């Protein structure tokens, strides 16, 4: 399937532009929490529920989605590309480097190379996971103790597919996966309004 590429003039995006996640993973369930007040900041940080990634990262995500689709599972997207201005607002609300990247260094999200996600069944209904998204605590870590067996198994299934597709997991969050190539990309502050 051809991706709908967001045409941007920024040289940093010319070779590997931001694309809509659904252009490569059309059955992805969007549950973009930062477009609602249902997040750790308590207010909407995005003007609409958006999920964009660099084209190469979205291609990796499509591979993971194919692996999971074969098991009757779909991806639930919580977050993807995040403008640096939003990262600053998050850091102001929670300046804790274990869970929120310092905007002075930025994160792979700010480069279009990270995705926060969970699993849903074939019907699109989210499956129970080890914790809620953006739960800042020990339950958020992969392999956390005391997690219901089904939720732990589904988190392992998600992790295995993402790693097989070329992503690297984060040690403090079961939902976060980064493209290892993103460390070489510049930080971006392209407003989501410009990506519609």
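The values are calculated or read from the model by the stated rules, or taken from the named source; none is laboratory data. If you're wondering where the values come from, they're calculated on a predicted model, not measured in any experiment. A quick note on method: Cβ atoms are made from the backbone with ideal geometry, for glycine too, and the neighbour counts reach across all protein chains shown.
Observations on the structure shown:
- Selection within segment 95-119 - within 29 Å of residue 157 (Cβ to Cβ) and over 15 Å from the mean Cα position of the chain (by Cα): 96, 97, 98
- When residues of segment 140-157 are limited to those that are part of a helix (DSSP H, G or I) and out of contact with any strand residue (DSSP E or B) (no Cβ under 8 Å at 6 or more places or on another chain), the one modelled with the lowest pLDDT: 140
- Test for residue 105: is it loosely packed, with under 15 Cβ neighbours inside 10 Å and under 23 Å from residue 84 (Cβ atoms): yes
- Hits in segment 133-157 (condition: surrounded by fewer than 19 Cβ atoms within 10 Å (Cβ to Cβ) and closer than 24 Å to residue 57 by Cα): 141, 156, 157
- Residue in segment 181-194 that is assigned to a helix (DSSP H, G or I), buried (at least 17 other Cβ atoms within 10 Å of the Cβ) and either touching a residue at least 40 places away in the same chain (Cβ under 8 Å) or within 14 Å of the chain's Cα centre (by Cα) (or both) present: yes
This table checks each residue for (1) closer than 24 Å to residue 84 by Cβ; (2) assigned to a helix (DSSP H, G or I); (3) at pLDDT below 95.
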site: 116; (1), (2), (3): yes, no, no
site: 120; (1), (2), (3): no, no, no
site: 134; (1), (2), (3): yes, no, yes
site: 159; (1), (2), (3): no, yes, no
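Table: residues versus (1) surrounded by fewer than 19 Cβ atoms within 10 Å (Cβ to Cβ); (2) touching a strand residue (DSSP E or B) at 6+ places or on another chain (Cβ under 6 Å); (3) more than 23 Å from residue 17 (Cβ to Cβ).
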residue	(1), (2), (3)
57	no, no, no
77	no, yes, no
89	yes, no, yes
97	yes, no, yes
110	no, no, no
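- Among the residues making up segment 46-81, those that are in contact (Cβ under 8 Å) with a residue 24 or more places away in the chain, under 15 Å from the mean Cα position of the chain (by Cα) and in a loop (DSSP other than H, G, I, E, B) are 46, 50, 51, 80, 81.
- Residue within segment 158-167 that is over 17 Å from the mean Cα position of the chain (by Cα) and surrounded by fewer than 17 Cβ atoms within 10 Å (Cβ to Cβ) present: no
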